[in-house]
Amino acid sequence: MSLAVRPTLPTDVPGILKLIAAVYAEYGQILNTDEEPHVLCPGPYFGAHGGEFWVVADQDEVLATCGVKVEEGVAELKTLYVHPSLRRMGWGKRLVERAMEHARSRGATMMMLWSDTRFVDAHRLYRRLAFEHDGLRELKDSNLTWEYGFSRQL
């Protein structure tokens, strides 16, 4: 397997949807693109918000994703998903670090994110990367999602 982090291409969208739907299914959830429309056109969406969207792919199979938006000095990390076959191999960390580098290059001094309360492994990663838990919100979406907020200085 020859894997590398790269900016997303329009042809990645079916693989992105497949990966996210599979991760949601691990937690008994269903991906609803009406509630997550940015996953249908991630490159243009994140680009329009001063950010970028990356994938880790093995040929046509998307195995990890991560996006960042940057607005008014604050970056928001979004859509970090890693296929089970790549977990605990450093790909999530590489993607978050790439997002932080991008945010700094765009003048951001703070990064924040919201993560489903069920994504316990991701929360451990964020804490290892010096993010602090600083919020809780209910989305009132189709998956009855509650999310923890995390942030850190860049």
Positions within region 88-125 being in contact (Cβ under 8 Å) with a residue 40 or more places away in the chain and in a loop (DSSP other than H, G, I, E, B), in sequence order: 106, 108, 109, 118, 119
Being part of a loop (DSSP other than H, G, I, E, B) and among the aliphatic types (A, V, I, L, M) narrows it down to one residue among 63, 77, 144; which is it? 144
Could you figure out which of (1) in contact with a strand residue (DSSP E or B) (Cβ under 7 Å, 6 or more places away or on another chain); (2) farther than 17 Å from residue 116 by Cβ isn't true of residue 67? (2)
State yes or no: is residue 56 of a type in the set (A, V, I, L, M, F, W, C), in contact with a Phe, Trp or Tyr (Cβ under 7 Å, 6 or more places away or on another chain), surrounded by 13 or more Cβ atoms within 10 Å (Cβ to Cβ) and touching a residue at least 24 places away in the same chain (Cβ under 8 Å)? yes
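Taking the conditions exactly as written (modelled with pLDDT of 95 or more and within 25 Å of residue 143 (Cα to Cα)), does residue 34 satisfy them or not?
Numbers: modelled with pLDDT of 95 or more: no; within 25 Å of residue 143 (Cα to Cα): yes.
Judged against the criteria, residue 34 is not a match.
The values are calculated or read from the model by the stated rules, or taken from the named source; none is laboratory data. Everything numeric here is computed off the predicted structure, so don't read it as measured data. Reconstructed Cβ throughout: ideal geometry from the backbone, glycine too, with neighbour counts over all protein chains shown.
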